[in-house]
Amino acid sequence: MIPPPRVDESTVVLGIETSCDETAASIVMGGTDVLSSVVSSQIDAHAKFGGVVPEIASRAHLELIRPVINEALDTAGVDPERIDAVAVTIGPGLIGALLVGVAVAKATAFALDRPLVAVNHLEAHLYAALLDDPNLEFPAVVLLVSGGNTLLLSMDAPGSYHLLGATIDDAAGEAFDKIARFLNIGYPGGPAIDRAARRGNPRSVDFPRAMLHDGYDFSFSGLKTAVMNHVRKNSDVASDDVAASFEAAVVDVLATKLMRAARDTGARSVVLGGGVAANTLLRSEVDRLARAEGFRVALPSRAMCTDNAAMIAAAGWYRLRDHGPSGLEIGAVPNLALVADTVRTNRAAPGRDHR
Ligand code: KG4
């Protein structure tokens, strides 16, 4: 294994991300200075199928990964020789898609004789806020809401976090995507609901807020069924009003639990991450509620919420500094959990009210 380099503010990391339908590469210096971040989205290739097709995603990554890395280097004005380490997403994600990034990262690290750093995609989402606000105050509570996960975490410092709660069924993004498909209002579903909701009335239907005052876990499948039943019974209902009411119910639960966790854990900052953190209502509600109670708020820019490689390079920088490089024998791990050292603590006992 290549000896660990000195990791400091001049250390340049190439980040590579291919876990789902975005082919991304980024050059980040010192863990927070984004010199370039290139994201090539495959939305058009998957749109006609209404969801990501794994085989199409893998093939597209194969075609795009080299040009995307070259563009990241060119935009940053960085020579390949200037790269100090290569960080890559090893999971969670689609196996065929992950393998493309992992293979390219290994080859690049080997050819340049630089260390390779394996990055957990979920952990990387936690670093997106640090890219926009390097002086983020800890401890923080983080709500990580994406297409595959809904996690509430407390974070004491970069790399040190504890799981407070998670969804017991659908992820928040998954609910957005399924309801958008059901309402037939566009793909990808989250942004489509966001747009429709801005035109609709969020008070037109009072959808259920599951487990609102019950611990830190989440449940969205009952809400999804309630929306579908409502539309089937009321065929003349305006989809903009349904979208707005559905979004209001999701955001109400997410924001309420996030704020309660912030109070309970004595957090100084409240942080959002993951694709759903791009949602207009979620951002404004969390910003409003957190500021009213005197918390610092870190809302990553929309580009940093959705999948990108800058967060992979940032997480790689911290991982290299604190744990050293990974071996070239690493492989893709499609069902990777949020790292083995994550402890599920402070979790509410079932049925216990945490207000
Ligand atoms: O983090 P991400 O880009 O990919 C992973 O799942 O890892 O998150 C994608 C999810 C999708 O479910 C998408 O519909 C949702 O984030 N999303 C949104 C918005 N933008 C993306 N959901 C609600 N409002 C948005 N503006």
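Details
- Of the residues in the stretch 106-128, at least one is at pLDDT 95 or above, under 25 Å from residue 335 (Cβ atoms), more than 12 Å from the ligand (Cβ to nearest atom) and of a type in the set (Lys, Arg).
- Selection count where residues are part of a loop (DSSP other than H, G, I, E, B), modelled with pLDDT of 90 or more and surrounded by fewer than 23 Cβ atoms within 10 Å (Cβ to Cβ), scope the stretch 25-59: 2
- Applying a threshold of 8 Å to beta carbon distances and a minimum spacing of six or more residues, or different chains, the list of pairs starting in the stretch 73-100 at a residue that is basic (Lys, Arg) and ending at one that is assigned to a strand (DSSP E or B) reads 82/12.
- The stretch 181-191, residues that are more than 7 Å from the ligand (Cβ to nearest atom), without any contact (Cβ under 8 Å) to a residue 60 or more places away in the chain and either among the acidic types (Asp, Glu) or within 18 Å of residue 220 (Cα to Cα) (or both): 182
- All told, residue 22 meets the bar of being closer than 18 Å to residue 103 by Cβ, buried (at least 20 other Cβ atoms within 10 Å of the Cβ) and at pLDDT below 95.
- Given (1) more than 12 Å from residue 312 (Cα to Cα); (2) aliphatic (A, V, I, L, M); (3) crowded, with 24+ Cβ neighbours inside 10 Å; (4) more than 15 Å from the ligand (Cβ to nearest atom), number of the condition residue 97 does not satisfy: (4)
- Residue count for the stretch 198-242 under the criterion of being within 13 Å of residue 253 (Cβ to Cβ) and not in a helix (DSSP H, G or I): the result is 14.
- The set of residues in the stretch 88-117 that are within 23 Å of residue 272 (Cα to Cα) and either aliphatic (A, V, I, L, M) or in a loop (DSSP other than H, G, I, E, B) (or both) comprises 88, 90, 92, 93.
- Answer from 186, 190, 215 - the residue that is at pLDDT below 95 and more than 15 Å from residue 257 (Cα to Cα): 186
- Residue in the stretch 165-172 that is outside any loop (DSSP other than H, G, I, E, B), out of contact with any Pro (no Cβ under 9 Å at 6 or more places or on another chain), more than 16 Å from the ligand (Cβ to nearest atom) and of a type in the set (Gly, Ala, Ser) present: yes
- Against the list (1) under 14 Å from residue 318 (Cβ atoms); (2) surrounded by fewer than 23 Cβ atoms within 10 Å (Cβ to Cβ), the condition residue 15 fails is (2).
- Among residues of the stretch 195-209, those that are within 10 Å of the ligand (Cβ to nearest atom) and either in contact with a Pro (Cβ under 8 Å, 6 or more places away or on another chain) or more than 11 Å from residue 246 (Cβ to Cβ) (or both), counted: 1
- Annotation: residue 271 fulfils all but one of (1) within 16 Å of the ligand (Cβ to nearest atom); (2) surrounded by fewer than 19 Cβ atoms within 10 Å (Cβ to Cβ); (3) hydrophobic (A, V, I, L, M, F, W, C); the unmet one is (2).
Residue-by-condition table, conditions (1) at pLDDT 95 or above; (2) part of a loop (DSSP other than H, G, I, E, B); (3) out of contact with any strand residue (DSSP E or B) (no Cβ under 8 Å at 6 or more places or on another chain):
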position	(1), (2), (3)
271	yes, no, no
281	yes, no, yes
288	yes, no, yes
307	no, yes, no
312	yes, no, no
338	no, yes, no
346	no, yes, no
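- Residue ID - nearest to residue 133 (Cα to Cα), chosen from residues in the stretch 278-299 that are touching a Leu at 6+ places or on another chain (Cβ under 7 Å) and within 11 Å of the ligand (Cβ to nearest atom): 283
- Test: residue in the stretch 140-147 that is surrounded by fewer than 24 Cβ atoms within 10 Å (Cβ to Cβ), more than 30 Å from residue 240 (Cα to Cα) and at pLDDT 95 or above: no
The values are calculated or read from the model by the stated rules, or taken from the named source; none is laboratory data. All values derive from a computational prediction rather than experimental measurement. Don't worry about glycine lacking a Cβ; one is built from the backbone with ideal geometry, like all the others, and counts go over all protein chains shown.
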